[in-house]
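The structure appears below as structure tokens.
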Amino acid sequence: MAFLGRFKLGQYVPIPVAVMQGEEPALPTSAPVAAIYQGQTKSESKLLPIIEPGAVEGFFVYQLFLGFGYSVNYYNVAIQYKVGSSAHIVTHHFEIVSGGHINGAVVSMTFYDRPQADFVVEKLDGGFRSIGRNPRGT
């Protein structure tokens, strides 16, 4: 069991797995599935995409966005995959600490001048837009 770290709401948690058959990297029969648990309750399940299939064999990572449905707590991740006829499971855990916002952080911002008002439009890394009206200069 690996500790992935401490994160705030609005951040991404990298959920990795290196698919192995014995001591050698291998490709699974289908994409690994990560199930995220808060205590005994399953929050969600995600398929893990392969990373650089031509360069690294059997390495998968999913970037889990900590948005709606997540709160300050400890979470466990169970990743299941199958190589040939043998099934495998890998477990990780991470912690969400206080701070952050479920919409994510501002990644871009622009000033939009209109006759009726001035606006600031922000794009958040959670995929949301935020619009502020009549910002005041200093």
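Values in this text are rule-based calculations from the coordinates and carry no lab data. This one's a predicted model, so the numbers in the text were calculated from it and none came from an experiment. Cβ: placed from backbone, ideal geometry, glycine included. Neighbour counts: every protein chain shown.
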R0 of 35 Å, Cβ-Cβ distance Ala35-Met109: FRET efficiency to nearest 0.05: 0.45
Percentage, to the nearest whole number, of Cα pairs in the chain over 22 Å apart: 51 percent
Assigning unit charges at the beta carbon (Lys, Arg +1; Asp, Glu -1) and nothing else, what dipole magnitude in debye, to the nearest 20, does the chain show about its Cα centre? 560 debye
Measuring from the lowest to the highest alpha carbon on each principal axis, how far does segment 1-66 reach, largest first, in angstroms? 34, 23, 19
How about segment 16-63: which GluC sites (Glu not before Pro) there are in a DSSP loop, with at most 14 other Cβ atoms within 10 Å of their Cβ? Glu23, Glu57
Please turn the phi angles of segment 79-84 into ³J(HN,Hα) values with the Karplus equation 6.51 cos²θ - 1.76 cosθ + 1.60 (θ = phi - 60°), one per residue in order, whole Hz, x for glycine and proline. 10, 10, 8, 10, 10, x
What is the extension gain from Arg6 to Ala117, computed as 0.36 nm multiplied by their sequence separation minus the C-alpha to C-alpha distance, in nm to one decimal? 35.8 nm
Between Ser45 and Glu24, Cβ-based FRET efficiency (R0 22 Å, step 0.05) works out to 0.20
Report, for the chain, the % of DSSP beta bridges that are antiparallel, rounded to 5. 90 percent
Taking amide H atoms as placed 1.01 Å from N in the peptide plane, list the residues 5 or more away in sequence, or in a different chain, whose amide H sits under 5 Å from that of Gln21. Ala26
Nonlocal amide H pairs with Phe7, under 5 Å, H built at 1.01 Å: Glu95, Ile96, Val97
